[in-house]
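Worksheet for the structure shown next.
The values are calculated or read from the model by the stated rules, or taken from the named source; none is laboratory data. Since this is a predicted model, take the numbers as computed values, not measurements. Cβ placement follows ideal geometry from the backbone for every residue including glycine, while neighbour counts extend to all protein chains displayed. Ligands, DNA and RNA are stripped out before the accessible areas are found, and what is left, the full protein with its side chains, is counted by its heavy atoms. Shrake-Rupley method; radii C 1.70, N 1.55, O 1.52, S 1.80 Å.
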Amino acid sequence: MKMTLITSKEFPMPDARRVLRRSALAAGAVISSLALVGCGQQAGPAAQDPPSSPTPSRTEVGGTRLGVSYAGGVMVLDAGTLELVGDLPRDGFLRLNPAGDERHLMVSAGDAFEVLDTGVEVRAHGDHVHYYGGPPALTGASYPAPEAGHVVVHAGTTALFSDGAGTVQLVDSDAVASGEPERTWTAEHPHHGVAVPLDDGNLLVSVGTADARTGAQVVDPAGTVTDSDASCPGVHGEATAADATVIGCTDGVLVHDEDGFTKIDSPDDYGRIGNQAGSPESAVVLGDYKVDEDAELERPERVSLVDTEGKELQLVDLGTSYSFRSLGRGPEGEALVLGTDGALHVVDPGSGEVTRRTPVVEAWSEPLDWQQPRPTLHVDGILAYVTEPATSELHVVDVTSGKTLQSVTLPHVPNELTGV
């Protein structure tokens, strides 16, 4: 394993106000890199008095953990040192999603969402947090779901969508390890859909059939439809901005906020936005943008920026293509795109200006099969994690400076990547 570390003089810690807005993962990873174990920023869900001692068999570590899938299982890494702390064998194509509780991951595996314990406990201690690490494991807890699909965490609730049954299982994010949903909702027809828990307790869900998806609706906890919009063909993907939720369509997006649904049309008759990335620091949602309806695999070079307040859509030409695993957001809401030119492109979400291009990996081409590995971007706070399947490497980049902080070689070819 090769590793390059940056010293504290080269990489100063951000000021306190900015740290408080950033995730526990990013702070823990930076601190571990600097060998300052045990201190971080105050975390939201973990902001409570810690127990008098850590759980037996757990030791204090410098940060939280990452999950990396491969053909044959899931690797669990220390997010600060990138040390391999667990290798969990599991057959089949595995999709990884944060479960919402700062500890577990949801593994979409065929006909169930399986719960993976990364082994880390996050505990608040005054103005900082401590991390206690134990062995990761597939817990055995699972949520049955024919054709397990999208996992969405919002407003303290984790929503699990079953494409095969059209059922949404809603779980308190702090109780995902139980394997028991708090409540369920079932669509009129099964479809490849998505569900977003809203701040007011309602649920935004896609509408469609196995043959076509047409729009979205809002249902209350009793299952009553309170709002709907049928002007979104080919519904796919979602993202939450500061005060709104965006759903992708083949001809634009649907924006839902306190005023209800608003359709924003693409400038092209077919202008598909199907994958998005939002940020609580920005009212703008980053999305992909495709215009060739008949392409076996379109490799677009433009991305979309949807202003949820002004209800406007802007296109940005990157000069390079990217994939659905290329989109992320920075600590101040920066739009981040990992291009096939090997660079991490930083875009100002307001102006659409590309403010920096940072080389990270070698140039690559998106494979035709969407399940095949390709460079993947995962962002948490000030840190961007980027896989390079061609060399089985994982790189860590400081979003604010563009510097590569660490690079390691993994024992397996990485595919999907996420963190808690």
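Can you tell me how many residues within segment 301-320 are among the hydrophobic types (A, V, I, L, M, F, W, C) and out of contact with any Leu (no Cβ under 9 Å at 6 or more places or on another chain)?
Total satisfying the criteria: 1.
Across segment 165-204, what is the number of residues that are without any contact (Cβ under 8 Å) to a residue 60 or more places away in the chain, open to solvent by less than 60 Å² (accessible area, probe 1.4 Å) and of a type in the set (Ser, Thr, Tyr)?
The total comes to 1.
Only one of (1) farther than 15 Å from Gly328 by Cα; (2) without any contact (Cβ under 8 Å) to a residue 40 or more places away in the chain; (3) touching a His at 6+ places or on another chain (Cβ under 6 Å) fails for Glu393. Which number is that?
(3) is the only condition that Glu393 fails.
Residues of segment 279-288 being open to solvent by less than 30 Å² (accessible area, probe 1.4 Å) and either in contact with a helix residue (DSSP H, G or I) (Cβ under 9 Å, 6 or more places away or on another chain) or not β-branched (Val, Ile, Thr) (or both), which ones?
Ser279, Ser282, Ala283, Leu286, Gly287, Asp288, listed by residue number.
So Gly44 ticks every box in (1) modelled with pLDDT under 80; (2) closer than 22 Å to Val151 by Cα; (3) open to solvent by less than 10 Å² (accessible area, probe 1.4 Å); (4) not in a helix (DSSP H, G or I) but one. Which box is left unticked?
Of (1) modelled with pLDDT under 80; (2) closer than 22 Å to Val151 by Cα; (3) open to solvent by less than 10 Å² (accessible area, probe 1.4 Å); (4) not in a helix (DSSP H, G or I), only one is false for Gly44: (3).
I'm checking my understanding of the structure. Among residues of segment 296-311 that are touching a strand residue (DSSP E or B) at 6+ places or on another chain (Cβ under 7 Å) and open to solvent by 20 Å² or more (accessible area, probe 1.4 Å), which one is nearest to Ser279 (Cα to Cα)?
Here the answer is Asp307.
What number of residues within segment 205-224 are among the small types (Gly, Ala, Ser) and without any contact (Cβ under 8 Å) to a residue 12 or more places away in the chain?
Count: 1.
Suppose the filter is more than 18 Å from Val346 (Cβ to Cβ), in contact (Cβ under 8 Å) with a residue 60 or more places away in the chain, assigned to a strand (DSSP E or B) and not small (Gly, Ala, Ser); does Leu286 pass it?
So Leu286 does not fit the description; no.
Just to verify a result, which residue in segment 367-400, among those that are hydroxyl-bearing (Ser, Thr, Tyr) and touching a Ser or Thr at 6+ places or on another chain (Cβ under 9 Å), is most open to solvent (accessible area, probe 1.4 Å)?
So, considering only residues that are hydroxyl-bearing (Ser, Thr, Tyr) and touching a Ser or Thr at 6+ places or on another chain (Cβ under 9 Å), the one most open to solvent (accessible area, probe 1.4 Å) is Thr391.
Which one is farthest from Arg374 (Cα to Cα), of the residues in segment 312-352 that are polar (S, T, N, Q) and in contact with a strand residue (DSSP E or B) (Cβ under 6 Å, 6 or more places away or on another chain)?
Gln314
Exactly one condition in (1) within 29 Å of Gly63 (Cβ to Cβ); (2) in a strand (DSSP E or B) is false for Val205; which is it?
(1)
Sort out which residues of segment 332-357 are within 13 Å of Thr320 (Cβ to Cβ) and not in a loop (DSSP other than H, G, I, E, B), and write them in order of number.
Answer for segment 332-357, where residues must be within 13 Å of Thr320 (Cβ to Cβ) and not in a loop (DSSP other than H, G, I, E, B): Val337, Leu338, Ala343, Leu344, His345, Val347, Val354, Arg357.
Within segment 116-136, restricting attention to residues that are over 15 Å from Asp91 (Cα atoms) and under 22 Å from the mean Cα position of the chain (by Cα), which residue is surrounded by the most Cβ atoms within 10 Å (Cβ to Cβ)?
Once the filter is applied, the top-ranked residue is Tyr131.
So in segment 228-272, with the set limited to residues that are of a type outside the set (Gly, Ala, Ser) and within 17 Å of the chain's Cα centre (by Cα), which one is farthest from Tyr322 (Cα to Cα)?
So the residue we want is Thr245.
Taking into account only those residues within segment 251-274 that are in a loop (DSSP other than H, G, I, E, B) and open to solvent by less than 40 Å² (accessible area, probe 1.4 Å), which is farthest from Leu203 (Cα to Cα)?
For segment 251-274, the residue satisfying everything is Ser266.
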